[in-house]
2 protein chains.
Amino acid sequence: MKNNKRFSVHYSLLAKSLKEAKEKAWNICIEQTIEFPYALVKQEYIKHTVVGKIENLKIIKTGKFLADISYDEKTTGFEFTQFLNVLFGNSSLKPGIRVEKIILSTDLQKLFKGPRFGAAGLRKLTGAYNRPLICSALKPMGLSSNALAVLAYKFALGGVDIIKDDHGLANQSWAPFKERVVKCAAAVKKANKETISNTLYAPNITSDFKNILSRARFAKKAGAGALVLSPGLSGFDIVRELANDNTIKLPLLLHPAFLGGFTSSPDSGISHAALYGQLARLAGADISIFPNFGGRFSFSKAECKSITEGCKIKMGTIKNNLPGPGGGMSLDTIKTMKQFYGNNVIFLIGGGLFADGTDITSSVKKFKRLVI
Amino acid sequence: MKNNKRFSVHYSLLAKSLKEAKEKAWNICIEQTIEFPYALVKQEYIKHTVVGKIENLKIIKTGKFLADISYDEKTTGFEFTQFLNVLFGNSSLKPGIRVEKIILSTDLQKLFKGPRFGAAGLRKLTGAYNRPLICSALKPMGLSSNALAVLAYKFALGGVDIIKDDHGLANQSWAPFKERVVKCAAAVKKANKETISNTLYAPNITSDFKNILSRARFAKKAGAGALVLSPGLSGFDIVRELANDNTIKLPLLLHPAFLGGFTSSPDSGISHAALYGQLARLAGADISIFPNFGGRFSFSKAECKSITEGCKIKMGTIKNNLPGPGGGMSLDTIKTMKQFYGNNVIFLIGGGLFADGTDITSSVKKFKRLVI
């Protein structure tokens, strides 16, 4: 029986027989912990505590099995990076193994904490209840800070809930980070005053190891209402760091850039629900952005639905967050999307909003009417 | 004609026809930069400078094409994270697109710098010339710092070139980071004195965002001769940061944990040569560890060979580094491996060395004899 000092990972395994699946599961128990010939281990506590344990193994369909493997939480050293390593470090390099689901121990829930705001907190911040939230993006890369600020102003006048930097806006000469953030935050503030609404501006702070924390702090000071981060580029732990930083206290929008490798095969990598749902939440994402089905990306309806499950699946004290489908979405599809996702979602329309017409404020208003 | 302010990426593309391949390549030019409907872009410089350019497109085989796409280096904002984003951020989320090769602009070569030591520097540090270097790993997880130090001492007496922490040794209670590093570094120093050899001890510093730099500094002070890092867990940019830190100046061994998603399909992700070769080097890896063929992982001979190419392919001023095949290797296979890899390599044997017999120092000596 699993004790509460252990966490579990459900892996799906390709295997021709139950015997092969057992071997594969046992190899995961070793690979993710001692990486050492079990027969040569002399210490009993290493054999019984450090090595992973197969808690359950069952067939899903011909050729595919589900293994529930538990690990002592001490193997993580109570650090997020090493938690990820035990979860899937070396096994990510082996074929036919996929992380499907994560079940945390109580102590790890308390340690990692998850999103500061979560879905409920975001609604409180934006005043958007009983409807999907809406978000748009400042783009294209190459525009000046002034031009982006004009755009931000127009978006905010339309009453969009969140305006995010396109995730490719970093510190390019066309719109350097500090200049852009100051101007866009001021523009959104001005519009908020005029409309008595509460649009949040979320600059992209993804950057070099050395600069990322100071960019977050600068953004906070400049009046940003949220932050955009791509953990595939920056690593996951800076997300956790920012979510827990009591001097920053801003909602975090996680962008999936450079994470695609994990979800490119149904038989390896990490499931959409575990990666964009559970792991993003664990790290501290208040919004988990992912490519919507039917756009220019390849996620299926079922995969998108599974992400929404990962955003709300019970994880002890870890708050639910909001799934953020985006990518190739347009105003034409919002009604269908609302039927599909319901209200617990934030819709991201970027380019599609510009394609709607020349008056961006009216397009945003139309966007908002469609979700109410 | 490509100017020297642009860098190029070779992508292989799945497409049914040249026409489809062209469309796919053009979509990458947009996706990796402006992420915006091209027809709606008003500024000429954005169209001509910011958007990527197809420099070349050719068929490789039926259904597969190679696109050479160039980007203005300004799109990177001269930051490594944003460079990775332009390289493959969003396109990693689309099927049938694979990064095959990276060709840097001169300024980016100068900016990122690459490994501090490289292959030649490592030979100078270890005094190992005209032969493969050899490396072993402290394990299993669960051993005390004292037990690991005893092991490190025995390894060093055998004359191994580098002793690395197993990449799963973090800051667990069984062997806390500081205690382990002090004891193992002292043990290796003692053995080095006795044998007049120059074994380097490489502790694993992969850890939380907040701790990773201070662990590197602590390790340096305690007498570590190199450092182990898993960029899949920590992000790539901390590697660049450490490689360029003039107060640390230690060779970096990069471990592939949690990077497997990128190389699990021949049609998507990042090629072995570009990921474990070029990108690891660019970030600053002096040694690029990867799973060897024939062991318990799934890399093929051709994939392993391609990594060795990526470790030495001309990248301007960026030094060559050493490929480090490991994982399920044993003394029995070293002769064959030497024939396959030649001398410009570092062999990693972990568990396999323990399996050889009870006297670990003799096993290391045997390992060394086999590579000379």
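The values are calculated or read from the model by the stated rules, or taken from the named source; none is laboratory data. Predicted, not measured: the structure shown is a model, and the values here were computed from it. Don't worry about glycine lacking a Cβ; one is built from the backbone with ideal geometry, like all the others, and counts go over all protein chains shown.
Pull up the stretch B:245-268, narrow it to residues that are polar (S, T, N, Q) and within 13 Å of chain A (Cβ to nearest Cβ), then point me to the one that is surrounded by the fewest Cβ atoms within 10 Å (Cβ to Cβ).
Keep residues of the stretch B:245-268 that are polar (S, T, N, Q), which gives B:246-247, B:263-265, B:268.
Okay, now just the ones that are also within 13 Å of chain A (Cβ to nearest Cβ), so B:263-265, B:268.
Working: B:Thr263: 26, B:Ser264: 23, B:Ser265: 17, B:Ser268: 25.
Going through the qualifying residues, I end up with B:Ser265.
Out of the strands (runs of 3 or more DSSP E) lying entirely within the stretch A:163-260, which hold 1 or more residues that are among the hydroxyl-bearing types (Ser, Thr, Tyr)?
Values: elements: A:200-202, A:227-229, A:252-254.
Filter on the stretch A:163-260 gives A:200-202.
Could you tell me which residue of the stretch B:142-177 is nearest to the other protein chains (Cβ to nearest Cβ), considering only residues that are touching a Cys at 6+ places or on another chain (Cβ under 7 Å) and touching a residue at least 40 places away in the same chain (Cβ under 8 Å)?
B:Lys164
Residue under question is B:Leu104, and the condition is that it be outside the structural domain of B:Leu229 (by TED's automatic domain parsing), without any contact (Cβ under 8 Å) to a residue 60 or more places away in the chain and under 23 Å from the mean Cα position of the chain (by Cα); does it hold?
Values: outside the structural domain of B:Leu229 (by TED's automatic domain parsing): yes; without any contact (Cβ under 8 Å) to a residue 60 or more places away in the chain: no; under 23 Å from the mean Cα position of the chain (by Cα): yes.
No; evaluated as a whole, the condition is false for this residue.
Of all residues being outside any helix (DSSP H, G or I) and away from chain B (no Cβ under 13 Å) in the stretch A:269-310, which is farthest from A:Phe88 (Cα to Cα)? Just the residue, please. Before you say what the answer is, go through the steps one by one.
Going residue by residue through the stretch A:269-310, those that are outside any helix (DSSP H, G or I) are A:269-271, A:284-300.
Of the ones still in play, those that are also away from chain B (no Cβ under 13 Å) are A:285-288, A:294.
Details: A:Ala285: 20, A:Asp286: 24, A:Ile287: 23, A:Ser288: 21, A:Gly294: 30 Å.
Across the stretch A:269-310, the extreme among qualifying residues is A:Gly294.
Give the residues of the stretch B:345-367 that are closer than 23 Å to B:His167 by Cα and either more than 14 Å from chain A (Cβ to nearest Cβ) or not in a helix (DSSP H, G or I) (or both), sorted by residue number. Show your work before the answer.
As a first pass, look at the stretch B:345-367 and keep what is closer than 23 Å to B:His167 by Cα: B:345-356, B:360-361, B:363-364, B:367.
Listed by number, the residues that qualify are B:Val345, B:Ile346, B:Phe347, B:Leu348, B:Ile349, B:Gly350, B:Ala355, B:Asp356, B:Thr361, B:Val364, B:Phe367.
Tell me, yes or no, whether the stretch A:229-246 has at least one residue that is among the aromatic types (Phe, Trp, Tyr) and either touching a residue at least 60 places away in the same chain (Cβ under 8 Å) or out of contact with any Gly (no Cβ under 8 Å at 6 or more places or on another chain) (or both).
Within the stretch A:229-246, the first condition is being among the aromatic types (Phe, Trp, Tyr), and the residues that meet it are A:236.
Those still in the list that are either touching a residue at least 60 places away in the same chain (Cβ under 8 Å) or out of contact with any Gly (no Cβ under 8 Å at 6 or more places or on another chain) (or both) too: A:236.
Within the stretch A:229-246, one or more residues are among the aromatic types (Phe, Trp, Tyr) and either touching a residue at least 60 places away in the same chain (Cβ under 8 Å) or out of contact with any Gly (no Cβ under 8 Å at 6 or more places or on another chain) (or both).
Among the candidates A:Leu200, A:Leu229, A:Leu242, A:Leu233, which residue alone is more than 14 Å from every other protein chain (Cβ to nearest Cβ) and within 20 Å of A:Ser288 (Cβ to Cβ)?
On the way: A:Leu229 fails: more than 14 Å from every other protein chain (Cβ to nearest Cβ); A:Leu242 fails: more than 14 Å from every other protein chain (Cβ to nearest Cβ); A:Leu233 fails: more than 14 Å from every other protein chain (Cβ to nearest Cβ).
Selected residue: A:Leu200, the only one of A:Leu200, A:Leu229, A:Leu242, A:Leu233 that is more than 14 Å from every other protein chain (Cβ to nearest Cβ) and within 20 Å of A:Ser288 (Cβ to Cβ).
Name every residue in the stretch A:311-336 that is touching a helix residue (DSSP H, G or I) at 6+ places or on another chain (Cβ under 9 Å), among the hydroxyl-bearing types (Ser, Thr, Tyr) and assigned to a helix (DSSP H, G or I), in order of residue number.
Selection gives A:Thr333 alone.
Look at the stretch A:51-69 and say how many of its residues are small (Gly, Ala, Ser) and either within 10 Å of chain B (Cβ to nearest Cβ) or farther than 14 Å from A:Glu20 by Cα (or both).
Just the residues of the stretch A:51-69 that are small (Gly, Ala, Ser), to begin with: A:52, A:63, A:67.
So of that shortlist, the ones also either within 10 Å of chain B (Cβ to nearest Cβ) or farther than 14 Å from A:Glu20 by Cα (or both) come out as A:52.
Residues meeting the conditions: 1.
Of all residues being under 19 Å from A:Asp237 (Cβ atoms) and in contact with a strand residue (DSSP E or B) (Cβ under 7 Å, 6 or more places away or on another chain) in the stretch B:210-226, which is farthest from the other protein chains (Cβ to nearest Cβ)? Just the residue, please.
It comes out as B:Ala219.
Please find, within the stretch A:70-122, the residue that is nearest to the other protein chains (Cβ to nearest Cβ) out of those that are surrounded by fewer than 24 Cβ atoms within 10 Å (Cβ to Cβ), among the hydrophobic types (A, V, I, L, M, F, W, C) and part of a strand (DSSP E or B).
Checked the stretch A:70-122; the qualifying residue nearest to the other protein chains (Cβ to nearest Cβ) is A:Val99.
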